[in-house]
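Enquirer: The structure that follows is given in the form of structure tokens.
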Amino acid sequence: MVIDRQKIIEAFRDYVSAYNAEDPKIKLKIDHTYRVASLCERIAAGEGADVELSWLCGMLHDIGRFEQVRRYGTFNDALSVNHAEFGADLLFCEGLIEKFADGLSEEELGIIETAIRYHSVYRLPEGIPESRLSYCKLLRDADKIDILYVNCMIPPKDIYDIPEEQFKTSEVSDEVKQCFLNGTTVLKSLRKHPADYLVGQVCLAFEIEYPESRRIAKEQGSVEKILSFEPENEATAEWFGYMRANIWNIIEAKYNTNK
Ligand SMILES: [Fe+2]
């Protein structure tokens, strides 16, 4: 696939210029978009997928975020709309895709739409055609790698609006520990103590599917940064030590047995 990246970047800049880039929340989404696009490109190169098409999926994946925050004043999907579906609808039902790229084949359009529509679902639905599935996984991996990055850039007290001291003295719920040991993500409903949120953040790494994605995530070091938290609670400190020592083994064991 051949695309004019400069034209797409300009169209993206033009599109987001209608929103307030001074607002740190909007700026965060713009920066996230560029990082996810370049992660998609790297993963695609390592996994043998179409690099240009993957980059384009990354550039457009969160397009729904801008209109979401303008209309509803929040990035919280539960309080507004599913931003992934909303973005896919803006692009493919309301014709926004034409602003970014023309001359795409039906197949390419189908891949981009499916990858964007399902990039944030907990589990991909059954029945996605094989030709689209790899782009869905690739985009989801890129998004998760960058969420890990953002999580280690912003102090937890600011993300969750919980005083730092409460993280330090927090225990970790047994159910949340079990998620880590099982190599699964932590459902929001299971998080009871402040430190549970940190365990929840690193458990996102269990969902990174492609070997190339895991290689990039490892190189980026976000998991280690999140786990470098030093609790004052003795049992929690011991648990964080355990997670630091074992997380990559648990991740690799999960994918080696699944394949
Ligand atoms: Fe998203």
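Enquirer: Counting each DSSP H run of 4 or more residues in the chain as -39500 (n - 2.57), what helix-only mean residue ellipticity at 222 nm follows after dividing by all residues, to the nearest 500 deg cm²/dmol? Could you put the intermediate results ahead of the total?
Expert: Working: 15 runs with 175 residues, N = 259.
Value at 222 nm, helices only: -21000 deg cm²/dmol.
Enquirer: Beyond 31 Å between alpha-carbons counts as too far, so tell me which of 7/254; 27/254; 157/218; 144/192 fall in that bin. Don't jump to the answer; show the numbers that get you there.
Expert: On the way: 7/254 41 Å; 27/254 35 Å; 157/218 25 Å; 144/192 23 Å.
The answer is 7/254; 27/254.
Enquirer: Right, next: Considering all alpha-carbon pairs of region 5-144, what whole percent are spaced by more than 18 angstrom? Write down the numbers at each step before the final one.
Expert: Numbers: 5080 of 9730 pairs.
Percent of Cα pairs beyond 18 Å in region 5-144: 52.
Enquirer: When ranked by the protection proxy of mean other Cβ atoms within 10 Å per residue, highest first, what sequence do the peptides 196-208, 152-164, 53-65 form?
Expert: Values: 196-208: 21.8, 152-164: 13.0, 53-65: 25.7.
So the peptides 196-208, 152-164, 53-65, ranked by packing, come out 53-65, 196-208, 152-164.
Enquirer: Whole angstrom only: what separates the Cα centroid of region 39-59 from the Cα centroid of region 162-237?
Expert: Computed from Cα coordinates, the inter-centre distance equals 28 Å.
Enquirer: Packing-wise, with mean Cβ within 10 Å as the measure, how do 100-107, 167-174, 37-44 rank, highest first? Please report the intermediate quantities before stating the final value.
Expert: Details: 100-107: 13.1, 167-174: 17.0, 37-44: 23.8.
Per-residue mean Cβ counts within 10 Å order the peptides as 37-44, 167-174, 100-107.
Enquirer: Here is a further query. In the chain, which helices (entire DSSP H runs) extend 18 Å or more along their own long axis, judged by Cα positions, while averaging at least -1.0 on the Kyte-Doolittle scale? Kindly include the intermediate steps, with their values, before the conclusion.
Expert: Values: long enough: 24-47 (33 Å, -0.25); 130-153 (35 Å, -0.06); 234-258 (35 Å, -0.55).
Membrane-span-like by this criterion, though nothing is claimed about a membrane: 24-47, 130-153, 234-258.
Enquirer: Still on this structure: Using a ≥ b ≥ c from the Cα gyration tensor of region 149-213 (square roots of the eigenvalues), is it rounded, prolate or oblate, where a/c under 1.5 gives rounded and otherwise the larger of a/b and b/c decides, a/b for prolate? Please list the in-between numbers first.
Expert: Details: a/c = 2.66, a/b = 1.33, b/c = 1.99.
The shape class here is oblate.
Enquirer: A further question follows. Is the shape of the chain best called rounded, prolate or oblate, per the rule: a/c under 1.5 gives rounded, else a/b larger than b/c gives prolate, else oblate, with a ≥ b ≥ c the square roots of the Cα gyration tensor eigenvalues?
Expert: Values: a/c = 2.15, a/b = 1.53, b/c = 1.41.
In terms of gyration-tensor shape, prolate.
Enquirer: Across bins of 5 angstrom width beginning at 0, how are the C-alpha pair distances of region 155-258 distributed, in whole percent?
Expert: For region 155-258, the pair-distance distribution reads 2, 13, 24, 25, 20, 10, 5, 1, 0.
Enquirer: Placing +1 on the Cβ of each Lys and Arg and -1 on the Cβ of each Asp and Glu in region 5-144, which of 69, 40, 101 has its Cα farthest towards the positive end of the resulting dipole?
Expert: 69
Enquirer: Follow-up. Order the peptides 218-228, 69-79 from the highest to the lowest mean number of other Cβ atoms within 10 Å of their residues. Walk me through the numbers before you get to the answer.
Expert: On the way: 218-228: 16.5, 69-79: 12.8.
Sorting 218-228, 69-79 by mean packing, highest first, produces 218-228, 69-79.
Enquirer: Can you tell me the dipole magnitude for the chain around its Cα centre, using point charges on the Cβ only (Lys, Arg +1; Asp, Glu -1), in Debye to the nearest 20? Numbers along the way, then the final one.
Expert: Numbers: 31 positive and 45 negative charges, 67 e Å.
Computed about the Cα centre, the dipole is about 320 debye.
Quick note: the coordinates plus some simple rules give every number you see, no bench work behind them. Not measured: the values here are computed from a predicted model. Note that we place each Cβ from the backbone using ideal geometry, even for glycine, and neighbour counts take in every protein chain shown.
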